[in-house]
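The values are calculated or read from the model by the stated rules, or taken from the named source; none is laboratory data. Note that this is a predicted model, so its numbers are computed, not measured. When we count neighbours, we look across all protein chains shown, and the Cβ atoms used for this are built from the backbone with ideal geometry, even at glycine.
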Amino acid sequence: MAYRANPYLERMSERTSDQEFVRLFSPRILERMPDDAFEGAVHVFRSPPGGGKTTLLRAFTPTALKAFWNARSVDEIDESYQRLLLRGVFDPTAGPQLLGVFLSCASGYADLPPGAATAQEGLFRALLNCRIVLRALRSLSVLANLQADQPLDLIDLAYDEPAADLRAIPLYTNAGDLSRWAEQRERSVYTQLDLISRDNFEGTQDARLDGLLWLQSVRYLYQGKTLAPKRLLMIDDLHRLRRTQRALLIREATELRPSIPVWLAERSIALGDELLSQGAREGRDLREYPMDELWGNAKGGGQTLTTFSQILDRRLHIQNLIPPGTLSQYLSDQLMPSDVEEQFHNVVALFRKESQRLNSNTRYKEWFARGETMLRMSSSRTIEELLSLLILVARDEARRQLALQLEPLPTEELELRDSSQVQGAAEIMANEAFGVPYYYGIERLCAMATNNVEELLSLAAALYDGLRAKLVLRRADLILSAFDQEKLLRAAAKRKREFIPKAHTEGTRAARLLDAIGSFCREKTFQPTAPYAPGVTGVRFSLSELAKIRQLRTSDTINVLRKVIAESVAENLLTTRESAASTSRESGTVFYLNRTLCVHYGLPLQYGGWQDISTQDAVEWMEKGRATNRFGWG
Amino acid sequence: MLWQHYVFRRGMGVSDMWDRLFRDRSLNLLYIGGRGFDPRAQTTIEQFVRSVSSSGAKVDAADLLLVGFERYELDGDLRAATEENAAILQDRFSVLGQTEVLNMDARDEGEDELSTSNALRKGVEAILTRVPGRTDIVLDVSSLPRVAYLAIMTGLLYRLVPDKTAPNALAAHNVNLQVLVAEDSRLDSVIRSEDPNADLVTIPGFSTAMYAESMQDWPMVWFPILGENRLGQFNMVMNAAAAIPSDAEICPIIPHPSRGLRRAERLLIEYKPLLFDKLQIPVSNVLYVSESNPFETYRQLLGAMERYRKSLTILGGCRLAVTPLSSKLVTLGAGLACFEMRLGKMDDCGVTMPYAEPMRYVATKADLASANSEIASLVLTGNAYA
């Protein structure tokens, strides 16, 4: 039997052909892109890795645009095509109108020789300028449909007024000549760089980002027609630059007040690095777009579910091992009474034990009587209701120690005190203490992805493997039960946790810190009173604690902590949310655990529950870990 | 092929070769070693000093250059082992001459940490200033990190063999360059390397093919040399932006034959989910190289690179990338092949060595104490080739 590759294992942006890329591309992101992202200014897109930055940028490269154009009559491409048409990227008769120039900052800029600031900056600009020219001309040959044996010399160049001011780039009127100039210039920079002893870079320094001005003022003429009148400069992986290079690029690109959109993409940033340059005004010259908002953030969870489901289903269509359909139809989203019979009996035993313990107390008599009526039907819902009841009893007991109220509580009070939070806490406790599945169904799968497409795909890959195994074992029902899903997803989450030390620069410390946060959150979540229902999944640093971490001239351990937290945020192991000040506390930043890691630590998937910690706690956890305590009913 | 005929000795053969190499000769020696925690360097330096002392050589000058690194995360035991090792090396060499320490990290004023590639470049530059006038240069890689010894070895070779077409190029004006390795593949496999750096390192001299925009449209052939427990680094190189393009031809290199008869099989099993399930690489792409003879590795790899270069000329050129993740001897062989390919013309082929550097090493005292190594020597230039 031949085994086909798992369609969820490939990262869309980097390892798929353009034809596959356009088939898998979700048009939702185009729908959610604000109009001003296509205006002349500097636009910064941010997300952790796998957050969809490169996917978005790649969609505007000439090869992808041509693939969209060629497949525009195919049903699954039509929506993307229509959205691009609305943006003016295509002309309905002439085809692509936009020349997207895509560059990555991972191309060795950080390895430019350090030294005097002006020399370093000049070399950086020189390399960037000739690369903009080279990539633009090569992209142009794709748009012009030049064959491999047709030289760029067939394309003529003309310039608008602002080009007269260019100093670093010659105003050749032939694309071939300019391409050869740029190649030669880049090679001469690299020949110098590859020599072990380098001392003379004077001939290869530029004073300004002329590449950007060139791109916006050049006109391309091919066979008497103007090619690609619209331009877009896309620079990916900004975080790969040195701090000074990144600041220079943002500052100078903004100060040039570009008339074409300049898209910069980088990883999420925590604890530092101001983005705005002197004189640049946020809003007009420089705009920021967190990618998770474009995908549909926590507030717009519905959007995320729709978009992510679409991504998953498109992937399922490119394989033929499993009959076509949607992924959700292969994932059971409910628990049958027979599935949880054993768990139900264990919960009933706990309920009876508590009922017996409080038998002499008239205060909960009616509540327990109400609980007895629920025992007739064994279902996951009943399990949650019984546990909700026990949580409310525990809460009241704790409060009574202060209040000393002795009158019996009516059942109406039980309903009044029960809330979705309490039910959420009961659900995760049922999972923790009694093994009732919690991590299953398409909705929770999407939540586990932490707004990150790459994580979504790796989780879906685990489920796909489960389905494939069922096929190999000739199981009649090609559907993953809640138990199957939870087992597969927990295994995937464990792999993610175990891979942290192998995949991150400060991985060992990050893993220790995350484990400690996980254990801290569990301790707070699984108390019988569920005080932070449905649970705690993040820690918060107040403004004054953040100030300690941000301080540059401080102890080595704080510096390391800053680096570990920044890297964890950049890698999506932690996600940040601001928390506002209240009468009793100052404002701060909450660092929530990655949702897949929440699965590993057995925590709920909702946001909202956090606890304050101090810098000292974090340092100790990072260096020494944190002892775990026993808690809950287990 | 530069090393069509080569000088390679191991075990007892090394001492015999040294006896003949140093007999009744004047020496101006530069001995480059690592200021690391690996105790194998002690065995190497001890045997070397004993051979030189007993050979009747006249030592005009001898300097030990200990190359140190502070950028790696080591636990208390390994840090103590590093200090102890450095003291012992200095003590053993004191019979012949002085010791100097060269730190290969250092930060740049007002900048973030110096990138590893730049730190290596600065370090190699500093080493090359100590080369003029030497008759013998010894590079002991036993306690040096992979990127450091590859950078130093290729840097020295660039200096000594600037033109491979020159007659007797390897004679290098009678400067004997030899590389020493204390090989213990068991110890290599128990030293765990973790926390790979997210920023790729390219060995100085090999960055053009990786980054030059004018070469980006050339097809890439990637030769990852597989080693145990290196999946994290492998992934890091493969997924790093602008590193290995999706259409790259991937030719995994597996050390076989090897001492451990099932080593190749274990490696294939370890990498199977990635190489064969996910990337769907044809099994016929796998290359096998000798684990114990670096010159055999060099020949095999150089031959494969040449064949790809010739085949892909029709597409304008090609980029050849080698990522060494295996043991020291295989890595040295790969370094020689890359050096020779790089010396050729660059208009139809570029060579690069991308690597994800681990930032943390983990080993127990007991593991280090149980090191049982065999010395090997690769003579790369000098009298032997004159």
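Which residue is nearest to the chain's Cα centre (by Cα), if the candidates are limited to region B:41-67 and must be crowded, with 19+ Cβ neighbours inside 10 Å and assigned to a strand (DSSP E or B)? The residue in question is B:Val67.
Looking across region B:127-153 at every residue that is closer than 19 Å to B:Leu170 by Cβ and among the charged types (D, E, K, R), the one that is surrounded by the fewest Cβ atoms within 10 Å (Cβ to Cβ) is identified as B:Arg134. There is no residue in region B:116-134 that is part of a helix (DSSP H, G or I), within 13 Å of chain A (Cβ to nearest Cβ) and over 28 Å from B:Pro162 (Cβ atoms). The helices (runs of 4 or more DSSP H) found entirely in region A:140-259 that carry 2 or more residues being touching a residue at least 40 places away in the same chain (Cβ under 8 Å) and more than 14 Å from chain B (Cβ to nearest Cβ) are A:210-217, A:243-255. The residue list B:Val147, B:Val179 contains one member that is within 14 Å of chain A (Cβ to nearest Cβ), touching a residue at least 12 places away in the same chain (Cβ under 8 Å), among the β-branched types (Val, Ile, Thr) and touching a strand residue (DSSP E or B) at 6+ places or on another chain (Cβ under 8 Å), which is B:Val147.
For region B:231-282, filtered to residues that are part of a loop (DSSP other than H, G, I, E, B) and among the β-branched types (Val, Ile, Thr), the residue that is nearest to B:Thr331 (Cα to Cα) is B:Ile244. Quick one: is B:Lys164 more than 18 Å from the chain's Cα centre (by Cα) and among the charged types (D, E, K, R)? When the stated conditions are applied, B:Lys164 passes them. Quick one: would you say B:Ile254 is in the same structural domain as B:Ala337 (by TED's automatic domain parsing), under 20 Å from the mean Cα position of the chain (by Cα) and either over 30 Å from A:Tyr464 (Cβ atoms) or aliphatic (A, V, I, L, M) (or both)? When the stated conditions are applied, B:Ile254 passes them.
Is it the case that region B:302-322 has a residue that's outside any strand (DSSP E or B), touching a residue at least 40 places away in the same chain (Cβ under 8 Å) and under 28 Å from A:His504 (Cβ atoms)? No: region B:302-322 contains no residue that is outside any strand (DSSP E or B), touching a residue at least 40 places away in the same chain (Cβ under 8 Å) and under 28 Å from A:His504 (Cβ atoms).
Let's see how each residue does on (1) more than 19 Å from A:Tyr607 (Cβ to Cβ); (2) touching a residue at least 60 places away in the same chain (Cβ under 8 Å); (3) within 22 Å of the chain's Cα centre (by Cα); (4) away from chain B (no Cβ under 14 Å):
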position: A:Pro410; (1), (2), (3), (4): yes, no, no, yes
position: A:Gly441; (1), (2), (3), (4): no, yes, yes, yes
position: A:Arg444; (1), (2), (3), (4): no, yes, yes, yes
position: A:Ala449; (1), (2), (3), (4): no, yes, yes, yes
position: A:Leu471; (1), (2), (3), (4): yes, yes, no, yes
position: A:Lys494; (1), (2), (3), (4): yes, yes, yes, yes
position: A:Pro501; (1), (2), (3), (4): yes, no, yes, no
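The helices (runs of 4 or more DSSP H) found entirely in region A:17-123 that carry 3 or more residues being of a type in the set (A, V, I, L, M, F, W, C) are A:18-24, A:62-70, A:75-86. Out of the residues in region A:559-610 meeting the condition of being out of contact with any helix residue (DSSP H, G or I) (no Cβ under 8 Å at 6 or more places or on another chain) and part of a helix (DSSP H, G or I), tell me which one is farthest from A:Glu443 (Cα to Cα). Per the criteria, the residue is A:Asn559.
The number of residues in region A:349-402 that are over 24 Å from A:Phe526 (Cα atoms) and assigned to a helix (DSSP H, G or I) comes to 8. For B:Arg25, the requirement of being at pLDDT below 90, over 20 Å from B:Ala81 (Cβ atoms) and of a type in the set (Lys, Arg) is met. Just so you know, in region B:350-373 the residues that are part of a helix (DSSP H, G or I) and in contact (Cβ under 8 Å) with a residue 60 or more places away in the chain include one that is surrounded by the most Cβ atoms within 10 Å (Cβ to Cβ), and it is B:Leu368.
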